[in-house]
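Structure record follows, encoded as structure tokens.
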Amino acid sequence: MPITFDSVSRTFHLTTLSSSYLFQIGPWDRLIHLGWGPKLARWGGASAPRPGDRAFSANPDPTDRSLSLDNLPQEFPTAGGTDFRVPALRLRHADGAWQADLAYSAHRILPGKPPLSGLPCSYVEVLDEADTLEVDLVDVPSGLMATLSYTAYRDRDVLVRSVRIHNGGSQAVDLFSVQSVSLDFDDDHFDLITMPGSWGRERTIDRRALHSGVQAAESRRGASSHHEHPFMALARSGTNEFQGEVYGIALVYSGNFSALAEVDQFHGVRLQLGINPEGFSWHLEPGASFQAPEVLLVRSDEGLGGMSRTFHKLLGQRVARGPWRDRERPVLINNWEATYFAFDTAKLLAIADEAAKIGIELFVLDDGWFGHRDDDRTSLGDWMVDKRKLPAGLEDLGSRLLDRGLTFGLWFEPEMVSVDSDLYRSHPDWCLHVPGRTRSEGRNQLVLDLGRSDVQEHLVEAISKVLREAPISYVKWDMNRHQTEAGSALLPFDRQGETQHGYILGLYSVLERITSAFPAILFESCSGGGGRFDAGMLFYMPQTWTSDNTDAICRLEIQYGTSLVYPPVSMGAHVSAVPNHIVQRITPLATRYRVARTGAFGYELDLTRLSQEEKDEMKRQVADFKADRRLLQFGDFYRLLSPFEGNFCAWLSVSEDRSDAIVTMVRILAQPNSPQTVLKLAGLNPEFNYTIDDQQGLWAGEELMRWGLRLADMKGDFASLSLRLRGSEAESQGPKLI
Ligand code: DGJ
């Protein structure tokens, strides 16, 4: 049983593959956190928090100055009582009180994991993969209840937490903050890791020592965003890719979020993650409930790499869904960087002809096929084919692509509306707005109010109609601006704080309906590149366009950073033309290919403008990729050298049985008289012997990992190399190595 309850000590013990998480029903029936650490067979209380009188800590029981919530680690701290640290719950009762003294009332341990209503979440396929504990807490004066939910996976180092608030009283309650997870640590000897970025340079890795006070990563943009990421990790100071203790938490949600670490006066740390309280409110009438999104919690003793591989498997196998979850993804060609808005049927088919010769499998028609969209100023919302560009329509284009052996994919940006569109002219109140105030535009567009059921119905019907009428097997679902003046015409003035979360719930409902109605379609999410690359989106769409920046050198950091949490197969990665359209850099085609192939791989350039030599090279790339596609997309991923720390970036994909591996390395700039490089590999079987394609020799996995492999010299800027390793039991390979 991954979850047990000891009724004598009133302690809950949750175990994962190699960790234990404990908490207890403590003084005043409050839930006291006991720790999260290496797995224990049994916990006897040696490390339990010890009560003690501390100055300026208030005591609910005046006869006992040793007890104050300010000194006790907690599972779900609330505002207005004796804990002065950041609360996980802030609210206002009908009488103006803002306390919630949440005390234990009941618990249940269930096999498996129930789904979250209306929200994306991790899941199990068979009941004994995990146990779920639900603990009911009650605020007796008001009748308000909180149900904390914990899932422990038996064979993964993963816990999942969420919380549901239920108004069991007779008066309304307004919620202002419900954090999905709050975790107290005894000491602050950690580095804090976050993933900040921007458009075109998403998800860098930011690591610094914790300091006193609150340090946060947040989004107020109505999307998880390019700017910060709904993820935070605490790593012991010496932790590196391969060793050390690290705790990572990731939110399964795509809207405003807040992640924070508070170092308190006693040098403990409180880590929290949930919907951003800023601008948020939720009104609960008696009998109503509010479900907060869930958080994935991963603990690793095997450094950042260990944490990442646990996230990769969980996200790839138990968050992503549908028939494409475990399938190799088609090699695609996307016309965006080839043509932008300027195309017609002849141009698209000319590219398709070349693509088919190269071995590409899927043709994606990007922005500009609908309304009269010749630039980004018009037509979003009018999902009818532009007959000027495609006179015979999408169905005809789709069948011509099929004739050429290519499947057909299509771009949409369903959540938006252009002011110059029939949709906006008919329904000007369907966008987010505040009456009497400016409707700010971003990329000349407004955001539809997806919290409204009429908007949801319209979108499901409009998008489904296109998908029904043309032979479409892939959809790119884009979203290209953030929310301003986020008000809803249908909500009363005192519930406007529900607009942005209501939008996300509406988006999830639309996605659930469309993706389940068209299960054969492969969906890829996008937001100006990777502006909504999050676990919530992966539940509906198993891959995400990682960045609009397709420069191979910029992509080293973007993909390396993204891989901290997300599996290679979820990262859309394309070879594009040089000079690169954003940074103007010229990189070798081989390097562009090697950087893009560890992901959902494709091309995004005008194939009709390439030389025969380049097309021949691409044909070899596609064949090479197809031969190793499963290994590259689904293999275990090891980061070897960080582009954030030097002139090299290297990574390795290895099969589950360790017999196949591919190493990729890029040297960013050439240096005169540079030292030779010895690269230490990882993830191999130390007892296997390995060959490397195109090289003479046989090397033990142990040697390649512990001593390393001396590499041949590389020439020129942005040079790269690829090593294909094949290993097997040492005995089967003839003479023993010396
Ligand atoms: C932003 C996306 O990230 C691009 O790939 C492209 O689809 C454009 N939008 C189209 O407007």
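For the residue pair Arg388 and Lys715, what label-to-label distance in nm results when each label sits 7 Å from Cα along the Cα-to-beta-carbon direction?
Taking the simple label geometry, Arg388 and Lys715 are separated by 5.0 nm.
Provide the solvent-accessible area of Ile109, counting protein heavy atoms only and rolling a 1.4 Å probe, rounded to the nearest 10 Å².
60 Å²
Keeping all protein chains in position, work out how much accessible area Tyr21 exposes to a 1.4 Å probe, and write it in Å² to the nearest 10.
0 Å²
Along its principal axes, what span do the Cα atoms of the stretch 12-156 show, with the longest given first and each in whole Å?
49, 41, 23
Across 5 Å bins from 0, what is the distribution of all Cα-Cα pair distances for the stretch 504-651, in whole percents?
Histogram of Cα-Cα distances, whole percents per bin: 2, 9, 17, 20, 20, 15, 9, 5, 2, 0.
What is the magnitude of the charge dipole of the chain about its Cα centre, with +1 placed on the Cβ of each Lys and Arg, -1 on the Cβ of each Asp and Glu, and no other charges, expressed in debye to the nearest 20?
That gives the chain a dipole magnitude of about 940 debye.
Please work out the FRET efficiency for the pair Asp61 and Asp128, using the Cβ-Cβ distance as r and a Förster radius of 45 Å; give the result to the nearest 0.05.
Efficiency at R0 = 45 Å is approximately 0.60.
Considering Cα pairs under 8 angstrom that are at least six residues apart, work out the relative contact order of the stretch 22-114 and quote it in whole percent.
Relative contact order for the stretch 22-114 comes out at 22 percent.
Could you point to the residue in Gly248, Ala355, Gln695 farthest towards the positive end of the chain's charge dipole, with +1 and -1 charges on the Cβ of Lys/Arg and Asp/Glu respectively?
Gln695
Under a 1.4 Å probe, what is the accessible area of the chain per residue, stated in Å²?
38 Å²
Calculate one ³J(HN,Hα) per residue across the stretch 39-47 by plugging θ = phi - 60° into the Karplus curve 6.51 cos²θ - 1.76 cosθ + 1.60, and present them in order as whole Hz with x for glycine and proline.
Couplings: 5, 10, 6, 8, 10, x, x, 4, 9 Hz.
Percent antiparallel among DSSP beta bridges with both residues in the chain, to the nearest 5?
80 percent
For the stretch 74-122, what is the charge dipole size about the Cα centre, in debye to the nearest 20, if Lys and Arg each add +1 at the Cβ and Asp and Glu each add -1 at the Cβ?
For the stretch 74-122, the charge dipole is close to 200 debye.
Given the -39500 (n - 2.57) contribution per DSSP H run of 4+ residues, what per-residue ellipticity at 222 nm results for the chain, rounded to the nearest 500 deg cm²/dmol?
-5500 deg cm²/dmol
Can you pull the Kirkwood radius for the chain, inverse mean 1/r over Cα pairs, to one decimal in Å?
In the chain this quantity evaluates to 27.3 Å.
Find how much the distance from Ala48 to Arg236 grows on full extension, using 0.36 nm per residue of separation minus their present alpha carbon separation; answer in nm with one decimal.
65.6 nm
Got a number for the accessible area of His283? Probe 1.4 Å, square angstrom, nearest 10.
The accessible area of His283 comes to roughly 40 Å².
Subtract the Cα-Cα distance of Ala106 and Ile668 from 0.36 nm times their separation in residues, and report this length gain in nm to one decimal.
Computed gain between Ala106 and Ile668 is 196.5 nm.
Convex hull over the Cα atoms of the stretch 39-99, averaged projected area in nm²?
Convex hull of Cα atoms, orientation-averaged projection: 6.2 nm².
Along the positive direction of the dipole of the chain (beta-carbon charges: Lys, Arg +1; Asp, Glu -1; about the Cα centre), which of Thr677, Ala79, Phe533 reaches farthest?
Thr677
Report, to two decimal places, the Cα Rg of the stretch 242-295 normalised by 2.2 N^0.38 Å (N = number of residues).
After normalising by residue count via 2.2 N^0.38 Å, the value is 1.52.
Taking θ = phi - 60°, what integer Hz values does the Karplus form 6.51 cos²θ - 1.76 cosθ + 1.60 yield along the stretch 590-597, in sequence order, with x for Gly and Pro?
Each residue's phi maps through the Karplus curve to give 4, 5, 4, 5, 5, 6, 7, 6 Hz.
Run the accessible area of the chain with a 1.4 Å probe and give the carbon-and-sulfur part as a rounded percent.
51 percent
Over the chain, what is the mean sequence separation of C-alpha contacts under 8 Å (at least six apart), divided by residue count, expressed as relative contact order in percent?
10 percent
Please express the Cα-Cα pair-distance distribution P(r) of the stretch 206-247 as a list of whole percents, one per 10 Å bin, running from 0 to the bin with the greatest distance.
Going out from 0 Å in 10 Å bins, the stretch 206-247 shows 22, 43, 30, 5 percent.
If you take the beta carbon distance between Ala97 and Val434 as r and set R0 to 35 Å, what does 1/(1 + (r/R0)^6) give as a FRET efficiency, to the nearest 0.05?
0.70
Note the full-extension length gain between Glu729 and Leu402 as 0.36 nm times their separation in residues minus their Cα-Cα distance, in nm to one decimal.
113.2 nm
Taking the Cα centre of the stretch 415-480 as origin, sum charge times position over the Cβ atoms of Lys and Arg (+1) and Asp and Glu (-1), and report the length of that vector in debye to the nearest 20.
140 debye
As I understand it, the dipole of the chain uses +1 on the Cβ of Lys and Arg and -1 on the Cβ of Asp and Glu, about the Cα centre. Which of Leu394, Ser117, Ala103 lies farthest toward its positive end?
Of the options given, the answer is Leu394.
With a bin width of 5 angstrom, please list the P(r) values of the stretch 624-738 as percents of all Cα-Cα pairs, from the 0 bin to the one holding the largest distance.
2, 11, 22, 23, 19, 14, 6, 3, 0
I need the phi-derived Karplus couplings for the stretch 642-649: 6.51 cos²θ - 1.76 cosθ + 1.60, θ = phi - 60°, integer Hz, Gly and Pro marked x.
8, x, 7, 10, x, 8, 10, 9
May I ask for the equivalent-ellipsoid semi-axes of the stretch 593-687, computed as the square root of five times each C-alpha gyration tensor eigenvalue and listed largest first in whole Å?
Value: 26, 21, 11 Å, ordered largest first.
Tell me, what are the semi-axes, in whole angstrom and largest first, of the equivalent ellipsoid of the stretch 594-645 as set by the roots of 5 times the Cα gyration tensor eigenvalues?
Equivalent-ellipsoid dimensions as semi-axes: 25, 15, 9 Å.
Add +1 for every Lys or Arg and -1 for every Asp or Glu among the other residues with Cβ under 13 Å from the Cβ of Leu31, and state the total.
Cβ neighbours under 13 Å give a net charge of -4.
Suppose we take every Cα in the stretch 353-408 and form the convex hull; what volume per residue is that in Å³?
Measuring per residue, one finds 85 Å³ for the Cα hull of the stretch 353-408.
Taking R0 as 30 Å, what FRET efficiency do you get between Gln265 and Ala288 from their Cβ-Cβ distance, rounded to the nearest 0.05?
0.20
For a label point 7 Å from the Cα of Ile586 along Cα→C-beta, name the residues of the stretch 636-671 whose backbone N is under 20 Å from it.
The answer is 667-671, whose backbone nitrogens lie closer than 20 Å to the label point.
The values are calculated or read from the model by the stated rules, or taken from the named source; none is laboratory data. Predicted model only: the values in this text are computed from it and were never measured. With ideal geometry, Cβ positions are generated from the backbone for all residues, glycine too; neighbour counts draw on all protein chains shown. Surface accessibility is based on the protein's heavy atoms, side chains included, excluding ligands, DNA and RNA. Shrake-Rupley method; radii C 1.70, N 1.55, O 1.52, S 1.80 Å.
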